[in-house]
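*Asks:* Can you read through this structure? Questions will come right after.
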């Protein structure tokens, strides 16, 4: 057979090639489904899924839900133990509202700092996991057309400098962190105060505040609050970036652009 004909047959044998059934490419591991096209020039990138996958459910609600709640609860318990267990409650009583040791104020600070830290951790981790093939973007949700929703999801942003090509601006981050904090505050802070009033001690003599011992109410309160906050916000933040990236990739965008 002439060499040029042999070369033509070899070329045709690779046209439209997909991963064979039951085979998962080592470069595109994770939740890559059978029959998906391989992209040799985009080795680590994943195409958006057309439906929710078991791996995405585990990633969002297992690792970023239950796992984050356990981790956050443990960290907050340790912080509260260091903050309150060594206090001299005669000189610096632990109270619900009044300084210097106020559990109501501690709850606000905890929610604000944890929301901010979680937002940036999820931004970095989800970007890393998508680029390295650990998770695929979500692509089955229709892209919104309402301007307010598109603004909220950071769509149609104009990139002005190279530094903004990978990360959104600090202002955009701050606005969305603030929105998550407000929702979390409305959900958790009033309920937290109500529960703490049933646990704390009233001392009378015109003192309207509630008092707490050094152990174990403050530690348990901070651990439960931090755990529940993570259970609510971390899956939502992970889903935010996965869904947004699915829309961006379908338009030919890049990861977290």
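The values are calculated or read from the model by the stated rules, or taken from the named source; none is laboratory data. Predicted model, so just to flag it, every value in this text is computed and none were measured. Glycine gets a Cβ as well: all are built from the backbone with ideal geometry, and neighbour counts include every protein chain shown.
*Asks:* Can you find, within region 74-104, the residue that is surrounded by the most Cβ atoms within 10 Å (Cβ to Cβ) among those that are in contact (Cβ under 8 Å) with a residue 12 or more places away in the chain and under 30 Å from residue 240 (Cα atoms)?
*Replies:* Taking region 74-104 and keeping what is in contact (Cβ under 8 Å) with a residue 12 or more places away in the chain, we get 74-77, 79-81, 83-87, 89, 93-98, 101, 103-104.
Then keep just the ones that are under 30 Å from residue 240 (Cα atoms); that gives 74-77, 79, 104.
Working: 74: 13, 75: 16, 76: 24, 77: 20, 79: 16, 104: 16.
Filtering region 74-104 for residues that are in contact (Cβ under 8 Å) with a residue 12 or more places away in the chain and under 30 Å from residue 240 (Cα atoms), the one surrounded by the most Cβ atoms within 10 Å (Cβ to Cβ) comes out as 76.
*Asks:* Which of the residues belonging to region 115-132 are crowded, with 20+ Cβ neighbours inside 10 Å and more than 11 Å from the chain's Cα centre (by Cα)?
*Replies:* Across region 115-132, the qualifying residue is only 130.
*Asks:* Working carefully through the options 232, 228, 196, 242, find the one that is surrounded by fewer than 19 Cβ atoms within 10 Å (Cβ to Cβ) and either in contact (Cβ under 8 Å) with a residue 60 or more places away in the chain or not assigned by TED's automatic domain parsing to the domain that holds residue 85 (or both).
*Replies:* On the way: 232 fails: either in contact (Cβ under 8 Å) with a residue 60 or more places away in the chain or not assigned by TED's automatic domain parsing to the domain that holds residue 85 (or both); 196 fails: surrounded by fewer than 19 Cβ atoms within 10 Å (Cβ to Cβ); 242 fails: surrounded by fewer than 19 Cβ atoms within 10 Å (Cβ to Cβ).
Exactly one residue qualifies, and that residue is 228.
*Asks:* Going by the conditions given, is residue 107 surrounded by 13 or more Cβ atoms within 10 Å (Cβ to Cβ) and part of a helix (DSSP H, G or I)? Quick ask: steps written out before the conclusion?
*Replies:* Details: surrounded by 13 or more Cβ atoms within 10 Å (Cβ to Cβ): yes; part of a helix (DSSP H, G or I): yes.
Judged against the criteria, residue 107 is a match.
*Asks:* Oh, and also: Can you tell me which residue is surrounded by the most Cβ atoms within 10 Å (Cβ to Cβ) among those in region 139-148 that are in contact (Cβ under 8 Å) with a residue 60 or more places away in the chain and out of contact with any strand residue (DSSP E or B) (no Cβ under 6 Å at 6 or more places or on another chain)? Lay out the reasoning, then the answer.
*Replies:* At the first step, the residues of region 139-148 found to be in contact (Cβ under 8 Å) with a residue 60 or more places away in the chain are 139-141, 143.
Subset that is out of contact with any strand residue (DSSP E or B) (no Cβ under 6 Å at 6 or more places or on another chain): 140-141, 143.
Numbers: 140: 12, 141: 14, 143: 16.
Residue satisfying both the conditions and the ranking: 143.
*Asks:* Going through 133, 67, 62 one at a time, which residue ends up being within 30 Å of residue 246 (Cβ to Cβ) and not in a helix (DSSP H, G or I)?
*Replies:* Working: 67 fails: not in a helix (DSSP H, G or I); 62 fails: not in a helix (DSSP H, G or I).
One residue alone meets the criteria, 133.
*Asks:* If you scan region 213-225, which residues turn out to be assigned to a helix (DSSP H, G or I) and free of Cβ contacts under 8 Å to residues at least 40 places away in the same chain? Step through it out loud before you land on a result.
*Replies:* Of region 213-225, the ones assigned to a helix (DSSP H, G or I) are 217-225.
Scanning region 213-225 gives a single hit, 217.
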